[in-house]
Structure formats: C-alpha cells, structure tokens
1. Among the residues of the range 24-40, is any open to solvent by 10 Å² or more (accessible area, probe 1.4 Å), at positive phi and either among the charged types (D, E, K, R) or at pLDDT 80 or above (or both)?
2. Can you confirm whether VAL248 is crowded, with 23+ Cβ neighbours inside 10 Å and over 23 Å from GLY115 (Cα atoms)?
3. Any residue at all in the range 233-247 that's modelled with pLDDT of 85 or more and either more than 20 Å from SER12 (Cβ to Cβ) or among the basic types (Lys, Arg) (or both)?
4. For ALA360, state whether it is of a type in the set (A, V, I, L, M), over 13 Å from VAL210 (Cα atoms) and either open to solvent by 30 Å² or more (accessible area, probe 1.4 Å) or in contact (Cβ under 8 Å) with a residue 24 or more places away in the chain (or both).
5. Would a scan of the range 206-219 turn up a residue that is on the phi < 0 side of the Ramachandran plot, open to solvent by less than 30 Å² (accessible area, probe 1.4 Å) and modelled with pLDDT under 85?
6. Please specify each residue of the range 1-23 satisfying the condition of being closer than 30 Å to LEU125 by Cα, among the polar types (S, T, N, Q) and open to solvent by 30 Å² or more (accessible area, probe 1.4 Å).
7. Among the numbered criteria (1) under 22 Å from the mean Cα position of the chain (by Cα); (2) farther than 28 Å from ASP321 by Cβ; (3) not polar (S, T, N, Q), which one does LEU232 miss?
8. Which numbered condition in (1) within 26 Å of ASP102 (Cα to Cα); (2) in contact (Cβ under 8 Å) with a residue 12 or more places away in the chain is the only one that LEU297 fails?
Amino acid sequence: MFVSLVGTWIQSVAQSWLVFDLTHSAFLLGLVGFLGAIPVFALSLFAGVFADRINKKTILLFTQNAFMLLAFILAALSQYKLISPNQIMLIAVLNGVVMAFDAPARQALVVELVGKDNLLNAIALNSAAFNSARVIGPALAGILISVIGMSGCFYINGISFMAVIVALLVIKMEPPRLKPGDKKEVLKDLLEGLFFLKNNRLILILVIIVGITSLFGISYVILMPVFAQEILHLGAKGLGVLMSAAGVGALLAALFLASLGDFKFKGKLLFASSLMFSLSLVVFSLSRSYIFSLVTLLFVGFSSVASVSLINTLLQTYVPDEFRGRIMSVFMFTFAGILPFGNLLSGALAHIWGVAQAIATGGVICGIAFVIINMRYPEIRKI
C-alpha cells in the first residue's frame, strides 16, 4: 500500500495543479473534489454490505485494477494534449465509484489479517504508511511536474498499483460464507447495520465527529493550490512542500499513537486533538509566511490524523465482526462521502470571500461543534 499511496499522492497534487492550470478557478478545484467523492456518498453504504458478504480480497483485486486503468487513461489524455476539465471530472467520478467499494473492504480487512489484539498497532502502522506516502508523494510531485510533466506523474501512479495487486495475490483468505437467499437481502442487511448504529450512541457520536471534520475541516486540502499561489506566491514545488508538511505532522501522529499501544484516556486525547485541529486551521488561514505556514500545517496534519485514527480504532474495537464492513462503510461515508460537499462549500466560499477566509470559517465551525459535543456527551472523555 505504501508504494501505491506514494503514487496516489503524486497524482493528487498533479491533478489539482492541472485543473488550476487549465481553469485558474478555485470553484472548479472544489467541483472536481466534489465529483471525485460524491460516489462514496451515494454508494459506500451499499458497498459495506458487500464487504460483509464477499471475499474482501476479491473486491480489492477488482478495485485496484480499476484504479490502475483510470490512472493510465488520465496519463494518456494528458500526454497527447487531449485532456479537458470535463474529462478530468469524468475520471474523478469513476475513481470515486471504485473508491466507494475499495475503502470499506480495505478497512475491514485489517482486523482479519492481524486480529483484535493487534488492531490498534495495525491501524497506526497503516496510518504511518499512508502518511509517509503523504510526505514523500507531494514532495516528489512538485519535482516531477517540472521534470516529466503531469502526464508522467499519472503514469507513475498507474504503475504503483501493481505493488498492491501483487501483495493481494499472496494473501490467503477464507472463502465467504453466504447463507441461502443472501443475494436478495442487500437492503435488509443495510438497514440492519443502520439500526445497529442508531442504537449505539457512542458509535453514533464518533461517526458524527468524523462527519463534522470532513464537511468543514479536511476540505482545506482542495484549496491548497490556490493558497500556495495567491496567498504565499509559490509554484508547484512550494505546493508540494506545503502538502508534505501536513504529511510530516500526520506521520508523527501515527507513530505517536503506535508508541502508546492500548493506552487509557483515548477520549481525552480525541477531544484535545480535535480542538488542536480546529485552532491550527484558523492559525494557518492567517499566515502570510511560507515558514510559518509549514509549521502550522505540521499541527494540522498531526491533529487530524490523531483524531481520525483514534475514531477508526474505537469503531473497529466496539463493533461486532458481523457488522464491521457496514460500520466501516458508514465511517467512510462520513469521512469521504461527506467530503465532496465540504469541497464544494470550500470552493464556493473561496470564490466569494477568498481562500483564507474559507479555511478560517471551516476551522471556527469545527471548533464550536467539538466544544458542544464535549459538553453534551461527557462519556466521550471517559473512553
């Protein structure tokens, strides 16, 4: 996954730069992010049912091959100067459809590989791999865009999926155990998972925190090309370093959580990291210094990964095996499925008010929401 994720981050930065280079529009940056994630909103809950019913390895082999094909198509269109904003939007939608089925299966697969006793460390190590790639990928993208062009970045991403496919092929998984008539009960299984969520208040609150973070906070990423160019007056290399700074903070958070093991006071750390994320976003929006922006993005990356990784671990710990795929699909629904609306909102606010004001607004809303949740649901702090 580490190799593939480096490629994914390279493509993400290159694609954002390509959209902005073609359109010079903050709103279209937000729109591409919206279109890339809206399929997760529409399909991830159903995908969670399949993750509980079908061999997860089979699902992932299909999705990883689909990701690879789409990356090569984007690369070829860019190389031969056939690319247009409409084509980028279509590929973003197709990537979102694949992600809707990939993410719940990939999240639920972790506990099957390592067991519950090692779950916290496994999630932390998985997060460390993701955020190591988040450091390396954008930095490489900033260099590669100027050396081999954006199409070269997309080709590298396509090739990187081969590492995941090979890894999946050597993983041994037991075949799924389906009951007779299961194929006709997808909707019933979906509703069963939603009722389970409704009747477990702690799990529901954790999911709500993820949704707030995704809608108003994480969408700052989609505005980074505009912030880099219009506020800090940087080019592609500067954007890559900014993204890597957030990745360094995220990696430090993952290593920090891994070092703690199965520690007490997870709830207090969750609340503290959520507030740190909100405050860091507001401070970042006020920055007009490249160095100060790098420092604040370290805190943004650290706090966002600390809170989301803690919630991921708590959900997988408290959820029974038979509901894991469906609850992790709800987690992805609130994290990645709501993100397109945050991207669209951020793009619109940046277009009307300015990019700095849009980022600051998101941070303030997150902070107020987290304080209210902490006051109304004190049991969170006792986890």
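1. Yes - at least one qualifying residue is present in the range 24-40.
2. Working: crowded, with 23+ Cβ neighbours inside 10 Å: no; over 23 Å from GLY115 (Cα atoms): yes.
Taking the combined requirement at face value, the residue does not satisfy it.
3. Looking for residues that are modelled with pLDDT of 85 or more and either more than 20 Å from SER12 (Cβ to Cβ) or among the basic types (Lys, Arg) (or both), one finds at least one in the range 233-247, hence yes.
4. yes
5. Within the range 206-219, one or more residues are on the phi < 0 side of the Ramachandran plot, open to solvent by less than 30 Å² (accessible area, probe 1.4 Å) and modelled with pLDDT under 85.
6. THR8, SER12, GLN15, listed by residue number.
7. Checking LEU232 against (1) under 22 Å from the mean Cα position of the chain (by Cα); (2) farther than 28 Å from ASP321 by Cβ; (3) not polar (S, T, N, Q), the one that fails is (1).
8. Among (1) within 26 Å of ASP102 (Cα to Cα); (2) in contact (Cβ under 8 Å) with a residue 12 or more places away in the chain, LEU297 violates only (1).
The values are calculated or read from the model by the stated rules, or taken from the named source; none is laboratory data. Bear in mind the structure is a predicted one, so any value in this text is a computation, not a measurement. All Cβ positions, even for glycine, are placed from backbone atoms using ideal geometry, and neighbour counts span all protein chains on display. Keep in mind that these areas ignore ligands, DNA and RNA; they rest on the heavy atoms of the full protein, side chains included. Shrake-Rupley method; radii C 1.70, N 1.55, O 1.52, S 1.80 Å.
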